[in-house]
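Engineer: Quick one: the structure is below, and I'll ask about it shortly.
The values are calculated or read from the model by the stated rules, or taken from the named source; none is laboratory data. Bear in mind the structure is a predicted one, so any value in this text is a computation, not a measurement. Backbone-built Cβ (ideal geometry, glycine too); neighbour counts: all protein chains shown. Side chains are part of the model used for accessible areas, which takes the heavy atoms of the whole protein and leaves out ligands, DNA and RNA. Shrake-Rupley method; radii C 1.70, N 1.55, O 1.52, S 1.80 Å.
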Amino acid sequence: MPEPNLNGAYYGPSIPPPTKTYHRSRGGSSCNPCSCLFNCLCTCICQIIFTLLIIIGVIALVLWLVLRPNKVKFYVTDATLTQFDMSTTNNTLYYDLALNMAVRNPNKRVGIYYDSIEARAMYQGQRFASQNLEPFYQGHKNTSTLHPVFKGQSLVLLGDREKSNFNNEKNSGVYEMEVKLYMRIRLKAGWIKTHKIKPKIECDFKVPLESNGRSSSANFEETRCHLDW
C-alpha cells in the first residue's frame, strides 16, 4: 500500500541510458576489392625490393671479402723540363715537359681496364696543357708505365703573387707543378666486370729546369700521387 505523502517521484539510484546497438550490414567487410588488391600489390612489391637489396648487399660483401681490393698506386718516377718561359708581353707560356709515371696494381684477383686517360699539366692552379693517353688493360699484381709529354705554348694569366712565385722559381731553377689524371676505368674479377668508375689522380712534384747540358731527371725525386675515387 503506497505511502500517502509520496508524490510519485523516484528517489532511488540513477538509471543509465539505454545502450545503442549497431547492426553490421549483411555485406560483411567494407573493403573495396580494387583498393584491397592495390594494397596487396604494393606490399608484395616492397617485400620483393627489400629482399633484392638484401641479396645484392650480401653478394657485394662476399665479393669484397673474397677479393679484398686495394687501391692502385700512382707515382711520378721521372720528369724532364727543358723549357719553361713566360712572355711578359703577351702572357704566353712556352713549355717542354716529359714525365714517366708508374701505375702499380697490387691486387691478386682484380684486373683493370683503363678505357680513357686524360693527363692535365697545371702550374699555380692553372692548366697549361693536356694530353689523351692510350687506353690499356692492367693485369693482376702488375706495374704499368705512362709517358705523358707536354710541349708547346699556352696563354696563362698570372696575378702579381703568381708572377712573384714564378720569378723566384726561375731564379732557383726548380718549378713546382702538378699533373692530374682523369680516368674512366672498369674492374675485372674473373668473369665479373664493374661499371665505369671515374677516379682522379693528383700528382704534385718539383722539377728542375735542364740547363747547360745538365740532366734535370738526375735531381728529380720520385713522387707518389694522391688517388681520389
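Engineer: I'd like to check something: does region 188-195 contain any residue that is within 26 Å of Met86 (Cα to Cα) and open to solvent by 80 Å² or more (accessible area, probe 1.4 Å)? It would help to see each step written out before you state the result.
Structural biologist: Here is the first cut: in region 188-195, the residues within 26 Å of Met86 (Cα to Cα) are none.
No; the residues of region 188-195 include none that is within 26 Å of Met86 (Cα to Cα) and open to solvent by 80 Å² or more (accessible area, probe 1.4 Å).
Let's see how each residue does on (1) touching a His at 6+ places or on another chain (Cβ under 8 Å); (2) polar (S, T, N, Q); (3) modelled with pLDDT under 65:
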| site | (1), (2), (3) |
| --- | --- |
| Ser14 | no, yes, yes |
| Thr21 | no, yes, yes |
| Cys31 | no, no, yes |
| Asn39 | no, yes, no |
| Asn91 | no, yes, no |
| Tyr95 | no, no, no |
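Engineer: How about region 189-229: which of its residues are at pLDDT below 90 and part of a strand (DSSP E or B)?
Structural biologist: Ala189, Ile192, Lys193, Ser211, Arg214, Asp228
Engineer: Which one of Lys170, Lys200 is open to solvent by 90 Å² or more (accessible area, probe 1.4 Å) and of a type outside the set (S, T, N, Q)?
Structural biologist: Numbers: Lys200 fails: open to solvent by 90 Å² or more (accessible area, probe 1.4 Å).
Checking each option against the conditions leaves just Lys170.
Engineer: Return yes when Ser130 is of a type in the set (S, T, N, Q) and at pLDDT below 95 and no when it is not. If you could, list the steps in order and put the result at the bottom.
Structural biologist: Working: of a type in the set (S, T, N, Q): yes; at pLDDT below 95: no.
It is false that Ser130 is of a type in the set (S, T, N, Q) and at pLDDT below 95.
Engineer: Here is a follow-up. Counting only residues that are among the β-branched types (Val, Ile, Thr) and not in a strand (DSSP E or B), which one in region 84-119 is surrounded by the fewest Cβ atoms within 10 Å (Cβ to Cβ)? Give the steps one after another, and end with the answer.
Structural biologist: First, the residues of region 84-119 that are among the β-branched types (Val, Ile, Thr): 88-89, 92, 103, 110, 112, 117.
From the residues that got through so far, the ones that are not in a strand (DSSP E or B) too are 88-89, 110.
Numbers: Thr88: 8, Thr89: 5, Val110: 22.
Within region 84-119, the match that is surrounded by the fewest Cβ atoms within 10 Å (Cβ to Cβ) is Thr89.
Engineer: Across region 173-187, what is the number of residues that are charged (D, E, K, R), farther than 21 Å from Arg109 by Cβ and open to solvent by less than 80 Å² (accessible area, probe 1.4 Å)?
Structural biologist: If we filter region 173-187 for residues that are charged (D, E, K, R), which is where we start, we get 176, 178, 180, 184, 186.
Among the residues that remain, those that are also farther than 21 Å from Arg109 by Cβ are: 176, 178, 180, 184.
Okay, now just the ones that are also open to solvent by less than 80 Å² (accessible area, probe 1.4 Å), so 178, 180.
Final tally of qualifying residues: 2.
Engineer: Just a yes or no: is a residue in region 120-136 surrounded by 15 or more Cβ atoms within 10 Å (Cβ to Cβ) and under 21 Å from the mean Cα position of the chain (by Cα)?
Structural biologist: Within region 120-136, one or more residues are surrounded by 15 or more Cβ atoms within 10 Å (Cβ to Cβ) and under 21 Å from the mean Cα position of the chain (by Cα).
Engineer: Could you list, ordered by first residue, the pairs with Cβ atoms under 9 Å in which the first is in region 148-165 and assigned to a strand (DSSP E or B) and the second is buried (at least 17 other Cβ atoms within 10 Å of the Cβ) and among the β-branched types (Val, Ile, Thr), at least 6 apart or interchain?
Structural biologist: These pairs meet every condition: Phe150/Val179.
Engineer: So, one more: Do the conditions hold for Glu178, that is, is it under 22 Å from Met101 (Cα atoms) and under 27 Å from the mean Cα position of the chain (by Cα)? It would help to see each step written out before you state the result.
Structural biologist: Details: under 22 Å from Met101 (Cα atoms): yes; under 27 Å from the mean Cα position of the chain (by Cα): yes.
So Glu178 fits the description; yes.
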